[in-house]
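Here the structure is laid out as structure tokens; the discussion comes afterwards.
The values are calculated or read from the model by the stated rules, or taken from the named source; none is laboratory data. No experiment lies behind these values; they were computed from the predicted model shown. Reconstructed Cβ throughout: ideal geometry from the backbone, glycine too, with neighbour counts over all protein chains shown. Accessible surface is based on the protein model in full, side chains and every heavy atom, while ligands, DNA and RNA are left aside. Shrake-Rupley method; radii C 1.70, N 1.55, O 1.52, S 1.80 Å.
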Amino acid sequence: MAQGPNVIFIVADDLGFADLGCYGGRDAEFGPVSPQLDALAANGLRFTQGYANSPVCSPTRFALMTGRYQYRLRGAAEEPINSRSRGSPTLGLPPEHPTLPSLLKRAGYRTALFGKWHLGYPPHFGPLRSGYDEYFGPMSGGVDYFTHRGFTGQPDLWCGEEECAEEGYLTDLLSRRAVDYIERMAQDPQSAPFFLSLHYTAPHWPWETRDDAALAPDVKDNLFHLHGGNIHTYRRMIHHMDEGIGWVMEALRRTDLERDTLVVFTSDNGGERFSDNWPLVGGKMDLTEGGIRVPWIAHWPAQIRPGQMSVQQCMTMDWTATILELAGAEADAAYPLDGVSLAPVLREPAHTFARPLHWRMNHRGQRALRDGDWKYLRVDGHDYLFNLAADERERANLAGREPARLTALRDAWEAWNETMPPIPQDATVSLGFSAKDMPQR
């Protein structure tokens, strides 16, 4: 029987680097935006240099599921997978590919996903085909919080591989499912540990709080909700998610599971329209820091001391490697991990190690390499060099002053890129808005 910790992996959708109080976020008019997450950070470990594998939704989720650079899979070349891919036999996570849940299941874990999948549609793809025992949530990238319908107007709420209907605000439905799961798993204390993925759609558009059911008819034809939203609604959406995380933590305490459960919180990419990414520049779809550097919190009373902080540079797929190691699960030799385990950092947050991080985007021909304090960036054919230790805002381009360093980092990125499949010619970029909709950064 598996002997590792229970794991709850919580993913927010389009959350900005400074949207939480524990990352410098400001209070809302109603008070603190994220008191539950702030408490998790205060009683656990907060990473300041944690990154998403991509600045857009589904590619990061490919990396989380596989523990490998997403560029290795065709579906992840979509930026992101869009609703037009429904029925496609190629645009999704292949069921034969080993995944974090399937490898944990092989090691004896019970597994469940409540929330956003965004890795392809049935009948070809789906959570139950990639290692999860249970699933409840939307398959696509965005749905209305009340009608649970996607871009095409079709219902997009699933129980396993069957479409289902359930009334309620989606963020709350996901939180309550998680609470119910914890209570069910706790009923047999001798049974195997569990891995629960809780993947919220919050605070992703449409901009609807728990009290905004009347907005659903207004946004049904354009879920991008380009005519609405504001920072007040946005912060309330985060707060609803935070409340739900509080319900989850209370359930762990009530069932005496908190001490031996690793709870991880992060975002799939940087923030969008109403987010706060300070002091970073850019956001979703950008390889500037605001698009990829995200909140990372780890809470595990049995192993992590309260009030810890880490400057270790790391990215989403490193959590995959970490969880597998902690669970005593083995990666598949035919699919070696690109992620690197952070278990030594969890044990000793002052510990750091060299960890070069690579990105590329079809959108605007972007590429990036973070190596130590330095970052090489290309956007629209322009090459930049930044010392992030001195300039997190990426405003002081040192490419002209340090040409040798620029060349070395560019060559290192090129060498890494040679190990990845090329971007397919038919890969698509789906933008929610442009300069005609609102002024750009």
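Among the aspartates and glutamates, which have Cα under 16 Å from the Cα of residue 220 when same-chain residues fewer than 8 positions away are ignored?
Partners found: 144, 156, 208, 212.
Note down the net charge around residue 22, summing +1 for each Lys or Arg and -1 for each Asp or Glu among other residues with Cβ under 14 Å from its Cβ.
Computed value for this residue: -3.
Under unit Cβ charges (Lys, Arg +1; Asp, Glu -1), what dipole magnitude, rounded to 20 debye, does segment 1-94 have relative to its Cα centre?
Using only the charged Cβ atoms, the result is roughly 560 debye.
Report the Cys residues of the chain lacking a disulfide-compatible partner, meaning no second Cys Cβ under 4.7 Å from their Cβ.
Taking the Cβ cut-off of 4.7 Å, the unpaired cysteines of the chain are 22, 57, 314.
Take the solvent-accessible surface of the protein heavy atoms, probe 1.4 Å, and return the percent of it on segment 358-441 that carbon and sulfur atoms account for.
49
I need the shape label for the chain. Rule: rounded when a/c is under 1.5, else prolate if a/b > b/c, else oblate, with a, b, c from the alpha carbon gyration tensor.
rounded
Work through the residues other than residue 37 whose Cβ is under 11 Å from its Cβ and net out their charges, Lys, Arg +1 and Asp, Glu -1.
-3
Leaving out ligands, DNA and RNA, what percent of the accessible area of segment 219-356 is carbon and sulfur, probe 1.4 Å?
For segment 219-356, the apolar C and S fraction of the accessible surface comes to 52 percent.
Which whole-number percentage describes the relative contact order of segment 96-151, with Cα contacts under 8 Å and a sequence gap of 6 or more?
Normalised by residue count, the contact order of segment 96-151 is 34 percent.
Expressed as a rounded percentage, what relative contact order does the chain have, with Cα pairs under 8 Å and six or more residues apart?
25 percent.
Per residue, how many Å² of accessible area does the chain show with a 1.4 Å probe?
38
Rounded, prolate or oblate, given the Cα gyration tensor of segment 93-196, with a/c below 1.5 counting as rounded?
Oblate.
Taking H placed 1.01 Å from N in the peptide plane, check which residues at least 5 places from residue 310 or on another chain put their amide H under 5 Å from its amide H.
It is 46, 47, 48, by chain and number.
Segment 29-44 to segment 399-421: how many Å between their Cα centroids?
40
Given a 1.4 angstrom probe, I'd like the percentage of the accessible area of segment 63-141 that is carbon and sulfur, rounded to a whole number.
52
When the Cα centres of segment 224-240 and segment 119-168 are compared, how far apart do they sit, in Å?
23
Reachable aspartates and glutamates from residue 284, Cα under 18 Å, same-chain residues fewer than 8 places away excluded?
Result set, ordered by chain and number: 13, 14, 19, 78, 79, 268, 272, 276, 380, 392, 394, 437.
Can you work out ³J(HN,Hα) from phi for every residue in segment 349-355, in order, using Karplus 6.51 cos²θ - 1.76 cosθ + 1.60 and θ = phi - 60°, giving whole Hz and x for Gly and Pro?
For segment 349-355, the Karplus curve yields x, 6, 5, 9, 8, 5, 8 Hz.
So what are the ³J(HN,Hα) numbers for segment 338-347, from phi and the Karplus equation (6.51, -1.76, 1.60; θ = phi - 60°), rounded to whole Hz, Gly and Pro as x?
Going residue by residue, I get 8, x, 10, 5, 9, 3, x, 6, 4, 6 Hz, with x marking Gly and Pro.
Please report the relative contact order for segment 361-441, taking Cα pairs under 8 Å with a sequence separation of at least 6, and give it as a percent rounded to a whole number.
19
How many percent of DSSP beta bridges within the chain run antiparallel, rounded to 5?
50
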